[in-house]
Amino acid sequence: MYDLQTLIFYAKEKNTSDVHLTVGLPPMLRIDGELRTHGDVPLTEQDVQDAAHQLADEHQLHELKTIGESDFAVTFADSVRMRCNLFRQQHHTALALRLLPMEIPTAEQLRLPDIIMQQAEKPRGLVIVTGPTGSGKSSTLAALIDHVNRTAARHIITLENPIEYVHPRIRSMINQREIGADTDSFASGLRAALRQDPDVILVGEMRDLETISTAITAAETGHLVFGTLHTKGAAGTIDRIVDVFPPEQQEQIRIQLAEVLECIVCQTLVPRTMGGRVAAFEILTGTPAVRNLIRQNKSYQLISTMQTGRNQGMMLMDDSLGELVRSGEVRIDDAAAKAADPEAFPQSVFR
């Protein structure tokens, strides 16, 4: 039997974000954003299958056999929470494991700006957290849901694929639904949620027209909706939402979006000079000026609005990265790699 427990405990000790098990290669660990080889002994098919059977149940193994992949979350050895993707590649079994904290992260641990946490106190509206895979979106959303749970008696419904952080009941009632296990899709789960007397809804992914449209409707009808997209930049997020719809519906969607949007948070993780990673943010808040620009299809003017809106909590990604560089927390090259304008960024930092 492959000794998965020793590997996972070592990975946790080294603050590993991801573990990859691929036949013919040693285990690979992603630490501070970089892939590193663990040892020099290549994994066999039996090794990876042993690991899979230690993590997956019969349903997930059946999914692997029939459709070639399965996505799920488990608590391993009662001490490590992981998001697991079990898949086939070149006729072999493979595993990609994302290690998650057992405890829900706090705003202080994530260093979330106050304006982000204030969104959890809104009675209604749409809050979107965006960024590439592995940028910390799930952690930010978990902190927001936890803040609601600790400060208000509300009914929270989450739609996730898979469930990453398990929220205990504190002041709120929380129902966490997993796509595939508890409901067919984000769209169907969101439609059902509107009939379940929610106050707060978390939509793990807003990728298709039906899900986005229903999320906007939910916000219009008095619910606080949190959602995610894989977009880069606040203006790009507005355009991405609108472009999902056919041309004849886009003007109406802009009007609806302008009414319900409370905040867009774009985030990325940057390697720290002393090890680990730190988040940088771009933040757009739903001020009257922002709502007007969305209605008028002038998302290209949002950058200048954010530049002048710092007193309203707004922030550009490059400004956030610049602050991290000036504080000595991150290297300028690492920050530039995440900047909206990598070439101009170094000159702008110390202007």
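Bear in mind that the values in this text are calculations on the coordinates, not laboratory data. All values derive from a computational prediction rather than experimental measurement. As a convention, Cβ positions derive from the backbone with ideal geometry for all residues, glycine included, and neighbour counts pool all protein chains shown.
Please list, by residue number, everything in the stretch 220-243 whose backbone N is under 11 Å from a paramagnetic label point 7 Å out along Cα→Cβ of residue 259.
Residues 220-222 fall inside that zone.
Based on DSSP H runs of at least 4 residues, each adding -39500 (n - 2.57), what is the mean residue ellipticity at 222 nm of the chain after dividing by all its residues, to the nearest 500 deg cm²/dmol?
Rounded to the nearest 500, it is -11000 deg cm²/dmol.
What ³J(HN,Hα) values, in whole Hz, does the Karplus curve 6.51 cos²θ - 1.76 cosθ + 1.60 give for the stretch 19-31 when θ = phi - 60°, with x put for Gly and Pro?
Working through the residues one at a time gives 10, 10, 10, 10, 4, x, 10, x, x, 10, 10, 9, 10 Hz.
Nearest 20 debye, what's the magnitude of the dipole of the chain about its Cα centre given +1 on Lys and Arg Cβ and -1 on Asp and Glu Cβ?
Roughly 940 debye, rounded to the nearest 20.
Along the positive direction of the dipole of the chain (beta-carbon charges: Lys, Arg +1; Asp, Glu -1; about the Cα centre), which of 96, 276, 242 reaches farthest?
Value: 242.
Apply the a/c threshold of 1.5 to the C-alpha gyration tensor of the stretch 168-272 and tell me whether it is rounded, prolate or oblate.
In terms of gyration-tensor shape, oblate.
For the chain, with a Gaussian network of springs between Cα atoms less than 10 Å apart, report the residue from 117, 314, 274 with the top mean-square fluctuation.
274
Set the Förster distance to 35 Å, then compute FRET efficiency between residue 209 and residue 66 from the Cβ-Cβ distance, nearest 0.05.
Efficiency for this residue pair is about 0.80.
What list of ³J(HN,Hα) couplings, whole Hz, do you get for the stretch 112-129 from phi and the Karplus terms 6.51, -1.76, 1.60, once you set θ to phi - 60° and write x for glycine and proline?
7, x, 4, 4, 5, 5, 5, 5, 5, 9, 6, x, 7, x, 10, 10, 10, 10
Under the 0.36 nm per residue contour assumption, what length would be gained going from the current alpha-carbon distance of residue 252 and residue 25 to full extension?
Extending this stretch completely gives an extra 76.5 nm.
I'd like the FRET efficiency for residue 323 and residue 124, computed as 1/(1 + (r/R0)^6) with the beta carbon distance as r and R0 of 25 Å, rounded to 0.05.
E between residue 323 and residue 124, to the nearest 0.05, is 0.20.
Of the listed values [x] 34, 26, 19; [y] 29, 25, 21; [z] 43, 24, 18, identify the label whose number matches semi-axes √(5λ) of the Cα gyration tensor in Å calculated from this model.
It is the one labelled [x].
Under a crude label model (7 Å from the Cα following the beta-carbon direction), how far is residue 106 from residue 171 in nanometres?
About 1.6 nm, to one decimal.
Would you list, by chain and number, the aspartates and glutamates whose Cα falls below 16 Å from the Cα of residue 338, excluding same-chain residues fewer than 8 positions away?
Leaving aside aspartates and glutamates fewer than 8 places away in the same chain, those within reach of residue 338 are 32, 34, 282, 318, 319, 323, 329.
Beyond 20 Å, what percent of the Cα pairs of the stretch 107-315 remain?
55
Taking the Cα centre as origin and putting +1 on Lys and Arg beta-carbons and -1 on Asp and Glu beta-carbons, what dipole magnitude results for the stretch 148-250, to the nearest 20 debye?
480
Can you return the lysines within cross-link range of residue 298? Criterion is Cα-Cα under 19 Å, with same-chain partners fewer than 8 residues away left out.
Qualifying lysines at Cα under 19 Å: 232.
For the stretch 107-315, give the magnitude of the charge dipole about the Cα centre (Cβ charges: +1 Lys/Arg, -1 Asp/Glu; no others), in debye to the nearest 20.
580
Quick check on the stretch 4-100: take the gyration tensor over C-alpha atoms, sort the square-rooted eigenvalues as a ≥ b ≥ c, and tell me if it's rounded (a/c under 1.5), prolate or oblate.
Oblate shape, in that a/c is at least 1.5 and b/c is the bigger or equal ratio.
Taking H as built 1.01 Å from N, whose amide H comes closer than 5 Å to the amide H of residue 18, not counting residues under 5 places away?
Answer set, sorted by chain and number: 30, 99.
With unit charges on the beta carbons (Lys and Arg positive, Asp and Glu negative) and the dipole taken about the Cα centre of the stretch 4-100, which residue among 35, 62, 80 sits farthest to the positive side?
Result: 35.
Write out the trypsin sites (Lys or Arg not before Pro) in the stretch 233-311 meeting two conditions: DSSP loop, and at most 14 other Cβ atoms within 10 Å of their Cβ.
Those satisfying the criteria are 298.
With point charges of +1 on the Cβ of Lys and Arg and -1 on the Cβ of Asp and Glu, referenced to the Cα centre of the chain, which listed residue (11, 120, 342) lies farthest in the positive direction of the dipole?
Selected residue: 120.
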